[in-house]
Amino acid sequence: MLRSQLFFLFIFLCELVSSKKWHPYRGRKYDLTLFIRNHNVTEATFFRLVGVDNTADFNVSAGNTFEHTFEVKRKGYWTLFVEFPGDRYAKSPRKIISRDSYRKWVMEVYYYPGAVGFSEWHKLNRRGEVHVHG
C-alpha cells in the first residue's frame, strides 16, 4: 500500500516538474531596454528603432535620451533610422542582441555637417554608466 502511494506521489512530482507552469527559469520572453541619446540632431522629422518583431517611432530633441523597454522573444538585429525632411534618412549599423546578451544597451547619435554619426551599441550598467568593451 505504502509502495503504491509513493509511486503515485513520484509520478505526480514528475508531472509537476515537467509542466511548463512550474519551471523555475524565465519563459521565452524577456525585457530588453534600449536608450537612444541624441546629442545634437535638430532637423530630424522622427526616429525609428526596428528590431526583433518590434518597431518604435519617436521624437527625441537634441540633448535628450529616448528610453523604451521591449518584450523580445528571440535574438535578432536592431537598427536605428533617422528621417529628415525631403525623404532623406540615415541608418545606423545593425546590432544583434540575443537573450544571453546584456539587457540594457545605449546608442549615441550625432549630427555632422551633411551627415549623421552613430556610435556602436554599448552596454549600460546598473548605475547608468556606459560599459565600453575593447
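See the values below:
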| quantity | calculated |
| --- | --- |
| Order of THR55, THR79 - criterion: other Cβ atoms within 10 Å of each residue's Cβ, fewest first | THR55, THR79 |
| FRET E, pair ASP31, LYS123, Förster distance 25 Å, beta-carbon r, rounded to 0.05 | 0.95 |
| Using a Förster distance of 25 Å, the FRET efficiency for SER61-ASP87 (Cβ separation, nearest 0.05) | 0.70 |
| Alpha-carbon centroids, segment 48-63 and segment 29-43: separation in whole Å | 7 Å |
| Cut-off under 5 Å, modelled amide H: who pairs with PHE70 long-range | LEU32, THR33, LEU34 |
| DSSP-loop chymotrypsin sites (Phe, Trp or Tyr not before Pro) across segment 31-134, with at most 16 other Cβ within 10 angstrom | TYR102 |
| Relative exposure of ILE11, ILE36, judged by other C-beta atoms within 10 Å (fewest first) | ILE11, ILE36 |
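Laboratory data are not the source of any read-out in this text; all were calculated from the coordinates shown. The shown structure was predicted, so the numbers you read here are calculated from the model rather than taken from an experiment. Cβ coordinates were reconstructed from backbone atoms using ideal geometry, including for glycine residues, and neighbour counts include every protein chain displayed.
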